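Report on the following structure.
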Amino acid sequence: MNPPLVHERLVTTALKRANLTGAFVLGKYGLSPSMACAHGCTYCDGRAERYWVDGEFDRDIVVRPNLPELLAHELPKLRERGFISIGSGITDAYQPVEQVRTIMRGCAEVIADSGLPAVVMTKNAAVTRDLDLWRRVNERSRFLLVVSLTHADDQTRAHFEPGASRVEERIDALRAFRDAGCATGVLAMPLLPGITDTDDNLGRLYDQLARIGVDFVQPGELTLRPGRQKRWFMERLADGYPGLIAEYDRLYAEERASGAPIAAYRTATASRALRHNRRVGIPFLPPHSIYRGVLHRYDEVNVLIHHMLDLYRAIGADVGRLRSAAGRYTEWLVERKARYNRRPSSRYDGLDAELIAACSGSAIPDIGDIVQNARFADLLRSVVIDRATFDYTTLRLRR
Ligand code: SF4
């Protein structure tokens with residue numbers, strides 16, 4: 001692979017803000033020190049036309065040198081607690097250019113002084129260089145390291161993720177953060193049909209992760225968006241695995257805009273991977289214990305109820321009533337929160353107080369009126385008032 005060309009681009013804002021914390025790895029404030037990625041994963045979604053990344057995706061790397069300075073200006077003004085989420089589908093904050101430009105380290109220093117929690121998603125073990133700073137973040141609030149890893153060993157990894165860290169290095173990084181007391185998780189995605197989605201690969205991968213004691217492993221299938229992303233991947237598949245072409249053509253024949261494979265494959269792959277989650281006793285979502293007490297209570301509850309939907313769906317439960325209750329809670333939250341968003345002088349702790357009052361029966365509507373589901377309202381009272389934790393493996397409350 002040719003060395004990357006680094007392009008500097010000054011930005012005007014550091015953080016991309018979401019109204020509510022996302023259920024997917026708990027993101028609230030998105031931060032990205034670069035665009036495009038020299039890891040050059042053959043399946044990278046970032047090549048899809050919808051992201052408008054110019055140039056050669058794994059060679060023309062755009063960096064944002066003024067990010068630490070902007071971040072130092074923006075963080076003190078935030079009125080709401082939430083995870084700063086570093087990493088996205090179209091770049092990796094710890095890709096090789098970070099070794100020389102150290103923009104991410106500059107941001108980590110600012111975050112470490114802010115008292116806000118953070119989550120980093122990466123395929124590069126270079127994240128351990130900043131363990132001193134991320135440990136400080138963890139000591140003040142919470143730090144979550146999420147490593148993307150699907151290959152149980154390095155034999156197939158190099159073909160599909162040529163510029164990313166070796167499997168053993170990523171495992172070592174997870175262990176180092178775990179030993180430092182940080183929360184850790186793995187995105188076992190995208191699972192490649194016939195290569196990493198097999199029982200053999202998943203079994204060996206999950207066994208390694210169970211030995212480290214990661215907090216969650218979230219599996220996901222490969223998506224191939226029609227156009228540049230799919231073409232690029234299929235050419236490289238033909239290069240090393242020509243015998244699989246016919247099967248991929250069959251799985252991705254629908255040419256969905258999302259890039260999703262056929263439904264039967266999605267269901268079978270999810271159920272195979274989740275069997276391994278159950279076998280090793282590791283949940284497939286960031287457990288409640290990671291974000292409990294870190295987020296505002298109203299946001300904690302919103303993440304929890306959306307996770308509960310996925311957790312119950314995964315065991316084949318009928319989630320119709322729970323989905324309606326969750327929808328009513330989110331509707332209530334968005335409506336109440338809009339009032340705080342509009343008034344720059346208001347403090348979001350007031351919204352926490354409203355939720356506590358609704359759960360303790362001292363406000364109208366109370367939580368039972370809001371969710372219109374008595375059993376679910378009881379569960380929320382236990383979480384909000386008694387500070388119980390919902391266990392993602394037993395699906396029970398722990399007090
Ligand atoms: S590490 Fe992520 S962003 Fe970078 S090439 Fe791989 S999939 Fe794309």
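Every residue, every condition in (1) within 27 Å of Pro117 (Cβ to Cβ); (2) in contact (Cβ under 8 Å) with a residue 12 or more places away in the chain, yes or no:
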{"residue": "Lys28", "(1), (2)": "yes, yes"}
{"residue": "Cys41", "(1), (2)": "no, yes"}
{"residue": "Asp45", "(1), (2)": "yes, yes"}
{"residue": "Asp54", "(1), (2)": "no, no"}
{"residue": "Phe57", "(1), (2)": "no, yes"}
{"residue": "Ile61", "(1), (2)": "no, yes"}
| note | Residue pairs within 7 Å by beta carbon, gap of at least six or interchain, first lying in segment 136-153 and assigned to a loop (DSSP other than H, G, I, E, B), second within 16 Å of the ligand (Cβ to nearest atom) and of a type in the set (Val, Ile, Thr), listed first then second, are Leu149/Val167; Leu149/Val186; Thr150/Thr196; His151/Val167; His151/Thr196; Asp153/Val167
| Residue ID - surrounded by the fewest Cβ atoms within 10 Å (Cβ to Cβ), chosen from residues in segment 299-350 that are small (Gly, Ala, Ser) and under 16 Å from Val384 (Cβ atoms) | Gly350
| query | Looking at Ala358, Ala353, which is the one that is under 19 Å from Ile305 (Cβ atoms), among the aliphatic types (A, V, I, L, M) and either surrounded by 13 or more Cβ atoms within 10 Å (Cβ to Cβ) or within 29 Å of the chain's Cα centre (by Cα) (or both)? | reply | Ala358
| task | Kindly indicate whether any position in segment 150-167 is touching a strand residue (DSSP E or B) at 6+ places or on another chain (Cβ under 9 Å), away from the ligand (no atom under 14 Å from the Cβ) and at pLDDT 95 or above. | result | no
| note | Val186 meets each of (1) buried (at least 18 other Cβ atoms within 10 Å of the Cβ); (2) under 23 Å from Glu98 (Cα atoms); (3) within 13 Å of the ligand (Cβ to nearest atom); (4) not small (Gly, Ala, Ser) with one exception, condition (3)
| request: May I ask you to verify whether Leu224 is under 21 Å from the mean Cα position of the chain (by Cα), in contact (Cβ under 8 Å) with a residue 40 or more places away in the chain and within 30 Å of Lys337 (Cα to Cα)? | output: no
| query | Filter segment 67-77 for residues that are surrounded by fewer than 17 Cβ atoms within 10 Å (Cβ to Cβ) and of a type outside the set (D, E, K, R); which is farthest from the ligand (Cβ to nearest atom)? | reply | Pro76
| message | Based on this model, can you work out whether Arg101 counts as among the basic types (Lys, Arg) and surrounded by fewer than 18 Cβ atoms within 10 Å (Cβ to Cβ)? | response | no
| remark: Residues of segment 92-125 being of a type in the set (A, V, I, L, M) and within 12 Å of the ligand (Cβ to nearest atom), in sequence order, are Ala93, Val97, Met121
| note | Checked segment 37-58 for anything on the phi > 0 side of the Ramachandran plot and either within 8 Å of the ligand (Cβ to nearest atom) or not in a loop (DSSP other than H, G, I, E, B) (or both); matches are Gly40
| message | Can you tell me which condition Glu80 does not meet? The list is (1) within 10 Å of the ligand (Cβ to nearest atom); (2) assigned to a loop (DSSP other than H, G, I, E, B), and all the others hold. | response | (1)
| said: With the structure loaded, tell me whether Leu274 is under 24 Å from Phe216 (Cα atoms) and not assigned by TED's automatic domain parsing to the domain that holds Phe216 or whether it fails that test. | reply: no
| task | Mind listing whichever residues of segment 21-40 are surrounded by fewer than 19 Cβ atoms within 10 Å (Cβ to Cβ) and modelled with pLDDT of 95 or more? | result | Gly30
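The values are calculated or read from the model by the stated rules, or taken from the named source; none is laboratory data. Nothing here was measured: the structure is a model prediction, and the numbers come from that model. Here Cβ is always computed from backbone atoms with ideal geometry, including for glycine, and neighbour counts include all displayed protein chains.
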